[in-house]
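Below is one structure, written out as structure tokens; the observations come after it.
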């Protein structure tokens, strides 16, 4: 009897670890740019990973944020609304004293305009019932400039050059 209970526990653990959700999205260019790329969100257990690969950016540093609406229909990306901030915290750097759920950080495009950002957190979920964590129905915005991590409420990151609707 002990062996069968152990077998059930081991099988359950294997299933729990192997259960994951992955969503892939294309980056839509905004504000007259040619920004392209792909955003891959994966939830494994309580952790969500973002693997963002972007091309045709201007070389340099670009802010990346989650915005409150999953709508990239406006030419300038403004239809995505402001930063996603369900707890009404100040804008800042992820993991610092002040930050909100939409604060991801910066990515750096090389001389060819190629950039990658890998980000992982247990503060998000994909499609869960906790609206303070659920990223579905939001958008990912790539900005023209860098996030200074201080200016409220946007980090002085400039216009929106790329947008992803998270569905």
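Observations on the structure shown:
- Region 43-74 and region 119-167 have their alpha-carbon centroids 7 Å apart.
- Nearest 10 degrees, 0 to 90: helix 2-18 Cα axis against the chain principal axis: 10 degrees
- Compared with the direct C-alpha span, the chain from residue 123 to residue 98 gains 7.5 nm at full extension, assuming 0.36 nm per residue.
- Kirkwood Rh, Cα atoms: Rg over Rh of the chain: 1.07
- Computed over region 96-167, relative contact order equals 23 percent, with contacts defined as Cα pairs under 8 Å that lie 6+ residues apart.
- Each Cα pair under 8 Å and six or more residues apart adds its sequence gap; the mean of these over the residue count of the chain is a relative contact order of 26 percent.
Each reported figure results from applying straightforward, stated rules to the coordinates on display, with no laboratory input. If you're wondering where the values come from, they're calculated on a predicted model, not measured in any experiment.
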